[in-house]
Amino acid sequence: AQTVTQSQPEMSVQEAETVTLSCTYDTSESDYYLFWYKQPPSRQMILVIRQEAYKQQNATENRFSVNFQKAAKSFSLKISDSQLGDAAMYFCAYRSQGGSEKLVFGKGTKLTVNP
Amino acid sequence: DAGVIQSPRHEVTEMGQEVTLRCKPISGHNSLFWYRQTMMRGLELLIYFNNNVPIDDSGMPEDRFSAKMPNASFSTLKIQPSEPRDSAVYFCASSPTGYRGSNQPQHFGDGTRLSIL
């Protein structure tokens, strides 16, 4: 079974600075998808960014980018120019390409943005 | 477009009572997922449907939990009888997947916060 590990329960960053959230996963599959979701205090689950394992190029979405290291099974999220609205829980998630459609989530990292 | 709609947003009830959570997926999405979020266990899949058929119910904790999807626009998650340890946030999500190889993300509803006293 696949597992996802987020080793940083909490992180903090100064407004306008850059922060990187870590995520590692364990799988024997070669094809899969990885996602980062954001959960603000409002409880919504909001997709931040996604990465297909077969793509070598790291995904980017505006201020958000990932460092995908397939051999190391690492999928970190970098937030540049942090804003107060970025404060939230961030969840890393894994999904098989050929098997179950379910998302396997990490335990999350709570990000605090200091003004 | 309307997102995934869940009701109720909050539910407080006494143990032993029946609880029914409801979900309307995004129109056109043919996969529907029920997740549970707790402090101890994080986010876990309970069950998911594809084209209204249950595909993976390995996360359903026990016989007290049941889920149905009578049509493409509605699903229920029922707990009977409820227990205090069922207190959690329950999320419904949908996606347009249903075939292998799709990278379409799951879209989540706002969740139902369930408290069993």
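Here are a few things to note about the model shown:
- Note that chain B carries a Kirkwood radius of 14.2 Å, evaluated over its alpha carbons pair by pair.
- Excluding same-chain neighbours fewer than eight residues apart, the aspartates and glutamates reachable from A:Lys110 by a Cα-Cα span under 12 Å are A:Glu10, A:Asp86.
- With the convex hull of its Cα atoms as the shape, the protein assembly as shown has an orientation-averaged projected area of 12.6 nm².
- In percent, rounded to a whole number, the relative contact order of chain A is 37, using alpha-carbon pairs under 8 Å and six or more apart.
- Overall dimensions of chain A, expressed as equivalent-ellipsoid semi-axes from the Cα gyration tensor (√(5λ), whole Å, largest first), are 24, 14, 12.
- In chain B, Cα pairs under 8 Å separated by at least six residues give a relative contact order of 37 percent.
Only the coordinates and a few stated rules stand behind these numbers; no lab work does. Fair warning: this is a prediction, and the values are worked out from it, not measured in the lab.
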